[in-house]
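Trainee: Have a look at the structure that comes next, please.
All of the numbers you see were taken from the coordinates with simple rules; none came from a lab. The model shown is predicted, which means the values in this text are computed figures rather than measured ones. Heads up, the Cβs are rebuilt from the backbone with ideal geometry, glycines too, and the neighbour counts pull from every protein chain shown.
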Amino acid sequence: MDYFEGLHGKQKDVNKAIEEFKKLANENKNSMAMYQLYICYDQGIGVDKNIEEAFSWLKKAAEDVNNAEANFKLGIHYQIGKYVEENQKLAFEYFEKASLRNHVIAQLSLAYCYEIGNGVVSSSAEAMRWYSLAARYIDRGGVKAYPGMGRLFHYGIGITKNDQEALRMFRQAAQYGDPRGYSFLGLCYQHGTGVNKSMQKAIRYYRQATENNGMEGPLYLGICLLDGLGMNINEKKAAKYLSLSSKR
């Protein structure tokens, strides 16, 4: 890594770094070196981009159950069918391996798999458990667990429906600036879920979601402008927001 990033007084030399990665990977079976080789071949850093070589190194790196990042990334490949045939069951299995090593984003992915039954039998209880575990690590992306838990309480599928608890989760997410937290709060005020209806507050939260780079915020603002919900109909502005949403 020293040559790869120019650390500890060593001049950055990607070619030399790749040589070291290959030596560590082949001679020491070092999974971190294997993962770095995956990145190099996947992105064409210091070598020609080669998807077969990239995926091969990623699979080797993921054989180390302690390499949570490699297992999570392999799960993503199977989930979206990148370099390999889509396989939701395998995606779930790799997310689970990474989650057991406290990979927070993997825990969020695993929770969502349980929530919608993707690669596994749906289970709101398991989804809630993994969202709750991820929520402990706000600084590592765990804030995204709060909208997930809020959804579970809101829809009450497999657990007791509780709009007040859903609202609390959405507010918790919004407190940390999460755009989906703002969007869900907006929906609550628009439809009167756990609160008195208020299009004024709904639009305010949609705007905050938009300002925080959310996808749903501009979508809902666009719909409000098209239908005249809390605002005057303005098709030109609506098109602007809908276009913004599609780009995020």
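Trainee: Return the lysines within reach of Lys161: Cα separation strictly under 30 angstrom, same-chain partners fewer than 8 residues apart disregarded; answer none if there are no such residues.
Mentor: Hits, sequence-local ones excluded: Lys89, Lys144, Lys197, Lys201.
Trainee: Between rounded, prolate and oblate, where does the stretch 74-162 land on the alpha carbon gyration tensor, with a ≥ b ≥ c its root eigenvalues, rounded for a/c under 1.5, else prolate if a/b exceeds b/c?
Mentor: Because a/c hits 1.5 or more and a/b fails to exceed b/c, the stretch 74-162 counts as oblate.
Trainee: Over the alpha carbons of the stretch 177-248, what is the largest minus smallest coordinate on each principal axis, giving the biggest first in Å?
Mentor: So the extents along the principal axes, rounded to whole Å, are 31, 26, 13.
Trainee: Turning to a different aspect of this structure: Given a Förster distance of 45 Å, report the FRET efficiency between Val14 and Asn232 from their Cβ-Cβ distance, rounded to the nearest 0.05.
Mentor: The pair Val14/Asn232 has a calculated efficiency of 0.20.
Trainee: Moving on. For the chain, take the longest principal axis of its alpha carbons; what is the angle in degrees between that and the long axis of helix 104-116, to the nearest 10 within 0 to 90?
Mentor: 50
Trainee: Let me ask you something else. Which whole-number percent gives the relative contact order of the chain, counting Cα pairs below 8 Å spaced six or more residues apart?
Mentor: Answer for the chain is 7 percent.
Trainee: On to the next question. Taking Cα pairs under 8 Å and at least six residues apart, what relative contact order does the stretch 177-248 come out at, in percent?
Mentor: After rounding, I find 26 percent.
Trainee: Taking Cα atoms, how many degrees apart are the long axis of helix 14-28 and the longest axis of the chain, rounded to 10 and kept between 0 and 90?
Mentor: The answer is roughly 80 degrees.
Trainee: When only C-alpha pairs under 8 Å and at least 6 residues apart count, what is the relative contact order of the stretch 84-203, in percent?
Mentor: Relative contact order for the stretch 84-203 comes out at 15 percent.
Trainee: Starting at the first residue of the stretch 201-218, write each ³J(HN,Hα) from the Karplus equation 6.51 cos²θ - 1.76 cosθ + 1.60 with θ = phi - 60°, in whole Hz, x for Gly and Pro.
Mentor: 6, 4, 5, 4, 6, 4, 5, 5, 4, 5, 5, 9, 6, x, 7, 6, x, x
Trainee: List, in order, the whole-Hz ³J(HN,Hα) value for each residue of the stretch 231-243 obtained from phi through the Karplus relation with A = 6.51, B = -1.76, C = 1.60 and θ = phi - 60°; use x for Gly and Pro.
Mentor: With coefficients 6.51, -1.76 and 1.60, one gets 9, 5, 4, 8, 5, 5, 5, 4, 4, 4, 5, 5, 5 Hz.
Trainee: Same structure, new question: Go through Ser122, Leu152, Asn162 and say which Cα lies farthest out towards the positive end of the charge dipole of the stretch 74-162; charges sit on Cβ, +1 for Lys and Arg, -1 for Asp and Glu.
Mentor: The residue sitting most towards the positive pole is Asn162.
Trainee: Now, a different point. Could you size up the charge dipole of the stretch 32-121 around its Cα centre, putting +1 on the beta carbon of Lys and Arg and -1 on that of Asp and Glu, and report it in debye to the nearest 20?
Mentor: Dipole magnitude for the stretch 32-121 comes out near 120 debye.
Trainee: If you fit an axis through the alpha-carbon atoms of helix 88-99 and take the longest principal axis of the Cα set of the chain, what angle between them do you get, 0 to 90°, nearest 10?
Mentor: Approximately 80 degrees, to the nearest 10.
Trainee: Highest GNM mean-square fluctuation, the chain, Cα pairs closer than 10 Å: which of Ala25, Ala135, Ala111?
Mentor: With Cα springs under 10 Å in the chain, the top fluctuation among Ala25, Ala135, Ala111 is at Ala25.
Trainee: Using a Förster radius of 45 Å, what is the FRET efficiency between Val65 and Gln175 based on their Cβ-Cβ separation? Nearest 0.05, please.
Mentor: Computed FRET efficiency for Val65 and Gln175 comes out at 0.80.
Trainee: Can you give me the Cα centroid spacing of the stretch 51-89 and the stretch 187-232 in angstrom?
Mentor: 38
Trainee: Decide, for the chain, between rounded, prolate and oblate: order the square roots of the alpha carbon gyration tensor eigenvalues as a ≥ b ≥ c, take rounded if a/c falls under 1.5, and otherwise choose prolate if a/b is larger than b/c, else oblate.
Mentor: Since a/c reaches 1.5 and a/b is larger than b/c, the shape of the chain is classed as prolate.
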